[in-house]
1. Give me the one-decimal nm value for the distance between modelled label points at B:I310 and B:V144, 7 Å along each residue's Cα-to-Cβ direction.
2. Going from most exposed to least, what order do A:E122, B:E220, A:E296, A:E54 have by accessible area with a 1.4 Å probe?
3. At the nearest 100 Å², what buried accessible area, both sides summed, do you get for B and A when the probe is 1.4 Å?
4. Using +1 on the beta carbon of Lys and Arg, -1 on that of Asp and Glu, and nothing else charged, what's the dipole of the protein assembly as shown about the Cα centre, debye to 20?
5. Please check the stretch A:185-203 for residues whose accessible area, probe 1.4 Å, is lower by 40 Å² or more when all protein chains are in place than in their chain alone.
6. For the protein assembly as shown, give the share of DSSP beta bridges that are antiparallel, in percent and rounded to the nearest 5; count only bridges with both residues there.
7. Determine which aspartates and glutamates satisfy two conditions relative to A:K50: a Cα distance under 17 Å, and not lying fewer than 8 residues away in the same chain.
8. Within the accessible area of the protein assembly as shown, what % is carbon and sulfur when the probe is 1.4 Å and the other protein chains stay in place?
Amino acid sequence: MLGGVAMLVSGSVMMTSCGGGNGTASGADSTADNTITGAGATFPNPLYSKMFSEYNKTTQLKVNYQSIGSGGGIQQLTQKLVDFGASDAPLNGKQDSAMMPMAAVHIPATAGAVVVTYNLPECKDTIKMTPEILANIFLGNIKKWNDPKIAAVNKTAKLPATDITVVHRSDGSGTSNIFTTYLSKVNTDWDSKVGKGSSVNWPVGLGGKGNEGVAGQVKQTPGSIGYVELAYAIQNGMSFCQLQNKAGNFITPSIASVTAAANIEIPADGKVSLTNTEAADGYPISGLSWILIYKEQKYNDRSLAKVTKMLKLVQWMIHDGQQYSAPLNYAPLSPKAVSVGDALLKTITYDGKPVLQ
Amino acid sequence: MILNEEALTQRVVSNDIGISVKKEGRNRRSVRHIRAEGVFKKLIFFVAFGMVVMILGILVTLVVQSSLSIKSTGLSFLWGKVWDPVRDIFGVYPFLVGTILTSFLALVISIPFSFAVALFLGEYYPKGWVPTLLKDTVELIAAVPSVIYGFWGLAVMVPIVRKFEAAIGVQTTGVGIFASSLILAIMIIPYSASLGRSMVQMVPGNLKEAAYSLGATRWEVIKSVVLPYTKSGLFAGVMLSLGRALGETMAVTMVIGNTAKLPESIFAPGNTMASVIANEFTEADHPVYLSALIELGLVLFLVTVVINMIGKRLVKGFSK
């Protein structure tokens, strides 16, 4: 009863304070300033949601993130409907020119990886893959599991004579983009015949919608091979291949090996593909996920206060926010990626003047 | 959809009884009443006309948004066999074939079931709790969200289809045109079954009684009275199902295998126009690609319109 009265009183106090706030000119602005909207990649959505809700607890800043896909996020940012975009792939030339004259800054926010998963009930050993074998399977050149090329790197494994069923993503996705970018880098045939993109013209195989669609197909079909996000594969206890990286080591995909892959020299603009990484202990099908922000923030009547809040949020995400990565099976940013992100944040200006010092 | 049909039938029935008109208000007609009548007439006209505007608006939007792709690909969009977003080569022929193949196959599979339900409920057992249960169950089929059919199809039906395919010695992927036709067939049964049932129930009793009095058996009554009397209605129901099958996206996407190749047989994986749009729209990351997907939507729209128009013609021909 007392609690009820207290709630009523505090409620009325809140109402009066709100009413007072709305009376002044700055009151309406401050509520708008306290909400940041973003849109883009679905892959980092669980991590971003966690980060935004944790950040909200300490700062009361409300972040409204729509995970509509990288393409949609880029489009919404181009039309200036959101404060920031998020993408699993850096903007390509065409998109950059569409955004002109506003240049967008790419800030690495997290890293993920794509693992090659398979279904071989008879085979207990972990299958090892070289880039050459992987590309040829997805090109349809290697058709059976007991192909001599596969047997050459899996000497101890008992490989069955079953047909290989390739499963790929049917929906356009950042996962496909990372995977095809990798195949394009390691195999010239793939590069010239198929290429890289969030949707490509797959030479062979079946399409499954989403990670769960591919995983479902692979689990059901003996002899199948597919690719899914690392986080999804770990959470669902799927078996995945060890993949040979550029240095020649066979790497098991894990959070550590993805962070290792990102610990390379990152260019000052942050736009780097981690696929086929130089790092000796890095997993080769890794990729960064970026937050996209316009370099010049004074547009659409945005206030300096709002811009500052947004940049502080991103700064927090690449520093303190990284503690939430590992529990959700995302790879924390490498120290080199964080320092590049810091430098990039300082280049963002409001009316020509840097916002963060 | 089902509810609408229900309302339609009920209205027809109540028309037979005769709409009761309140007589006591007749002497007190005032200018205000008459004016309100005029306003109401205008209002329903504008609301109804709004539908036409909306459809035209959708068509115009589709054409305008796809102009980029129409310019770059031209007419070869329709019979091109390659869909390669990386190289901006867009041909919808495989998806066109996939859409029409799955829809018509689904129709063929579903017709015996929906007609059986229509006759059973309309002619043999129109009343009682068993027919009511059956009717509600069939209508519930339409109420289940399609993603649930997709999940069920992928988890339960596809493994069975795979065994079936292995038994008859064809491609054993499980997913494909055949699996999606099966799912679609289940999903579209209620549309033709419900409309068919209402039609069968509306056959005038005196016609049937006349046939019985001439010594016709039940089967003969169905064959020579009920079916001829209801064929345009039954066909309209089939067309309604077809429209549903053409546009169904989610469940099909999950079991069709999603390959951009021309299906070699009905057991091969393929793709439909609706599922390509659903799959690729969110990540269509350059203008021509996005425009090509919208043009794909335009083609689907036109295919639906053409099939509907043919259907209308046939229904008209039947009722003559």
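1. Reported label-point gap for B:I310 and B:V144 is 3.0 nm.
2. Most to least solvent-accessible, the answer reads A:E122, B:E220, A:E296, A:E54.
3. So the total buried area for this chain pair works out to about 2400 Å².
4. 2040
5. A:S198, A:S199, A:N201
6. 60
7. A:D320
8. Within the protein assembly as shown, the accessible surface is 64 percent carbon and sulfur.
The values are calculated or read from the model by the stated rules, or taken from the named source; none is laboratory data. Here the structure is a predicted model, which is why all the values come from computation and not from measurement. Quick reminder, even Gly has a Cβ in these numbers, built from the backbone with ideal geometry, and neighbours come from all protein chains shown. For accessibility, only protein heavy atoms count, side chains too; no ligands or nucleic acids. Shrake-Rupley method; radii C 1.70, N 1.55, O 1.52, S 1.80 Å.
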